Every structure is written in structure tokens, then in C-alpha cells.
Amino acid sequence: MGNNVSLRDKFFGCISGVHIGSAMGAAVEGWSYQKIEERYGTLQSLQSYEHYNNGWVREPGTTEDGVERQKLMITAIIEKEDRVNAEDVKKIWTRDIKPESIGMISEPFEATLLAMAKSDIPAVDLGKYCDYSGLNSFARACHPIGLINAGDPKGALDDVYEVGQLYQSSNSRGLKWASVTAVAIASATKPGATVDRVIGDIYDLCDQDRVVKEIDRELKHTAHCQDFRELRVAFDSVYSGEGMDYAYAWANEVVTKGICIFKMVDGNLKDAMVSAVNMGRDVDCITAVASGISGSLTGASSIPEEWIKQTDYATSLNKVTNSQRTIEEHSDGLYRAYQSRLKKMKSFADKMLVEENVL
């Protein structure tokens, strides 16, 4: 399991899983699994694709709006070298988001959030103006919050409810589900972490009434599934929303599927990625959740090197992205920020212990 994987490799596995998985899934986002199978059999390669009907056919490996959201959080953490709050991330929004990216690589509603971010409205109030309180905007992007809180799921939980208010209100369903992603990642980075221990931390810390209840129900419902083909059929009777805005992108569906995939593949990153991109519906977001958590447990050794290289190459061509850092530059930046945080904590503890001994 994750016992022999270094913490640095877990950071790299998490970010690789999200960025590559999002890029692979984006090519078939919104497709039914029947359409994916008819076209690809089993999709397990990076493909070119177009979004928003804007004429931009993207290089295979090009990431999408969820990763753009994540990159802003990563930058804030790298620059602060510590945990961040909503104001820290808002500052990066106003500095790094390119206005021309809206409708090109970011969702149209993010233009409104950016305009408000440039005003005097407090960062924690911005999410109150989001029309989509249960959307997976933050749940599929909050992985850096879990990583800067590596080994501390409770800290990750607290930071989700702080930073997440940029996108949704503090008591929204969206943030309750985002807490699962961040808690799972912080848990997976613990020494001796296992799939069952990660799920145990979710059960212990996340919302009991709706979130844990739904995850537990679907883990039991899909316990017999041996592969993604069985899993996606099992989900047909549960998640089949159509005909409304973002019908496939509600956080409860995306996160629950991500956790069930993580459990089914025993945390193997490549298996999680391939399973998730072939699920149908909001596959880029499902993959971001399943692969990000899996990579946090087992690292990136299971995925082909060419997937990493192609995603980095596509990023180098992307002129509207919030950051052209490579996957490794993103993950190592987060890892260095985490090491800096640990040093600060140790320095403070040492100082207080000296003072206590003097007294």
C-alpha cells in the first residue's frame, strides 16, 4: 500500500492524478459510458478535445477549469509557505487569472466571482453569490488544501470551510462534500495509511447526516463490483440526473463515485484513473477525486511517464492557464511549503518548551 512511498512521492502522485486525470477525462466530459465505450473501448490515453464551442482544439494533455482553480491555491500555498485562508487565495485570483481565460478554459460563472474579488467584498463572502451551492467546484479542486495539511485531516477539514467560501457559502453541500476530498488526502499521506484507514477518517470527521450516510450506502451497494464496467452499471439506478444546469456535476455524485473507485482499485493510481475516465457523466471531476486521493496514498509509479510528459507539454502551449508550471514543479512547490510549515511549527514548539523549562 502507501507504506513504502515517500511523502514527496505522495505529493507528486496526488497532483499527477488530478492534472493527468482531468486532462484525460475532459475529452469525454459529459458523455455517457455507452458513448465512451463505442468510441474508445476502454479510454486510457490522452486525447485532444474542444470545450465551450470556442474553436480551440486542445493539445492532448491540456487540463481544464478544475485544475485552473487548483493552480491558484497551489500558488498561494507556495508563496505563503504555509496553510492559506480565503484572502490569501483571493489575492492570487486578482493577480494571476487572465480575463481572456473565462469561457476559454474556465467556467463562465467564474467571471462574476473574479469581478467581485477585485472589489472590497471580503473573500469569505464571495461564495454567497454562487448560484450552485452543491456543485463540485471546490470538491474536485481542493487537493492542495489536503496536502498542506498532510497527516492532519482535521486541519484539512477546517481549511476547506475557510478557503471554500470563495466558491460556496460556509454551510453549503458543496463544501461538506469538498471536506471528503481534503480529509482523504491528508489521511492518505499519514505514515502507514491504508485505504480503509483513509475511509475511516472520512467517516469520523465528515458530515454524518448526508455525506457519510451516502458514501456508506454506495460503498455497500457497489461492494460486489470487480471493475469499472460493473461499477458504472450499479450507479445507473442512483445517479442519473438530466436536464438542468451542471446536471452531472453535483458534488455528492462526483465525490461518492470517486471514493467507491478508490476503494475498488485499492488506491492504485493508474487503475483509479482508467476506471474513472470510463465512468461516464462528469468524468474529469470524478477522475480528479479518485486519482488525487489514490495518488496521495500510493504515489505516481503506476502511471506511464509519457502521460506526465504529454501533460507538461500541453501546459507549455497553454497561453491562458493560470500557471505553466510542470506537474513536478507544482507538487514540489507544495512539498517545500509543507516542509517550511513543519519547520515553523517545530521552531515554535521548541521555543515554548524552553520557556516552560525556564519557568
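Quick check on the stretch 84-92. Is at least one of its residues in a loop (DSSP other than H, G, I, E, B), at pLDDT 95 or above and of a type in the set (Val, Ile, Thr)? So far as the stretch 84-92 goes, yes, one or more of its residues are in a loop (DSSP other than H, G, I, E, B), at pLDDT 95 or above and of a type in the set (Val, Ile, Thr). Take Arg39 and tell me if it is more than 29 Å from Ala193 (Cβ to Cβ) and surrounded by fewer than 19 Cβ atoms within 10 Å (Cβ to Cβ). The answer is yes for Arg39.
Residues in the stretch 93-127 that are over 18 Å from Tyr246 (Cα atoms), among the aliphatic types (A, V, I, L, M) and outside any helix (DSSP H, G or I): Ile97, Ile121. Mind checking whether some residue in the stretch 229-245 is outside any loop (DSSP other than H, G, I, E, B) and under 21 Å from Cys14 (Cα atoms)? Checked the stretch 229-245: no residue is outside any loop (DSSP other than H, G, I, E, B) and under 21 Å from Cys14 (Cα atoms). Val198 meets each of the listed conditions (1) under 14 Å from Gly258 (Cα atoms); (2) without any contact (Cβ under 8 Å) to a residue 60 or more places away in the chain; (3) over 14 Å from the mean Cα position of the chain (by Cα); (4) buried (at least 20 other Cβ atoms within 10 Å of the Cβ) apart from (2). Residue count for the stretch 270-293 satisfying the condition of being crowded, with 24+ Cβ neighbours inside 10 Å, over 16 Å from Asp65 (Cα atoms) and either hydroxyl-bearing (Ser, Thr, Tyr) or without any contact (Cβ under 8 Å) to a residue 60 or more places away in the chain (or both): 2. Can we say Asn171 is of a type outside the set (A, V, I, L, M, F, W, C) and touching a strand residue (DSSP E or B) at 6+ places or on another chain (Cβ under 7 Å)? Considered against the rule, which asks whether it is of a type outside the set (A, V, I, L, M, F, W, C) and touching a strand residue (DSSP E or B) at 6+ places or on another chain (Cβ under 7 Å), Asn171 comes out as no.
State whether one or more residues within the stretch 304-317 are modelled with pLDDT of 95 or more, under 19 Å from the mean Cα position of the chain (by Cα), within 20 Å of Arg58 (Cβ to Cβ) and small (Gly, Ala, Ser). No, the stretch 304-317 contains no residue that is modelled with pLDDT of 95 or more, under 19 Å from the mean Cα position of the chain (by Cα), within 20 Å of Arg58 (Cβ to Cβ) and small (Gly, Ala, Ser). Against the criterion of being buried (at least 24 other Cβ atoms within 10 Å of the Cβ), part of a loop (DSSP other than H, G, I, E, B) and small (Gly, Ala, Ser), Gly61 qualifies. Among the criteria (1) farther than 17 Å from Thr311 by Cα; (2) in contact with a helix residue (DSSP H, G or I) (Cβ under 8 Å, 6 or more places away or on another chain); (3) assigned to a helix (DSSP H, G or I); (4) not acidic (Asp, Glu), the one His19 does not fulfil is (1). For the stretch 307-359, a residue qualifies if it is exposed (fewer than 15 other Cβ atoms within 10 Å of the Cβ), in contact (Cβ under 8 Å) with a residue 12 or more places away in the chain and outside any helix (DSSP H, G or I), but none of them does. Filtered by the rule that a residue be modelled with pLDDT of 95 or more, in a helix (DSSP H, G or I) and within 18 Å of Trp93 (Cα to Cα), the stretch 128-160 gives His143, Pro144, Ile145, Asp159, Val160.
For Ala150, the conditions (1) under 24 Å from Ile74 (Cα atoms); (2) surrounded by fewer than 20 Cβ atoms within 10 Å (Cβ to Cβ) all hold with the exception of (2). Name the residue, out of Glu81, Glu50, that is surrounded by fewer than 24 Cβ atoms within 10 Å (Cβ to Cβ) and either small (Gly, Ala, Ser) or without any contact (Cβ under 8 Å) to a residue 12 or more places away in the chain (or both). Only one candidate passes the filter, namely Glu50. Scanning the stretch 162-181 for residues that are modelled with pLDDT of 95 or more, within 16 Å of Leu297 (Cα to Cα) and surrounded by 16 or more Cβ atoms within 10 Å (Cβ to Cβ) turns up at least one hit. Do we find that Ile293 is touching a Lys or Arg at 6+ places or on another chain (Cβ under 6 Å) and among the β-branched types (Val, Ile, Thr) in this structure? So Ile293 fails the test.
The values are calculated or read from the model by the stated rules, or taken from the named source; none is laboratory data. All figures in this text were calculated on a predicted structure; none of them were measured in a lab. When we count neighbours, we look across all protein chains shown, and the Cβ atoms used for this are built from the backbone with ideal geometry, even at glycine.
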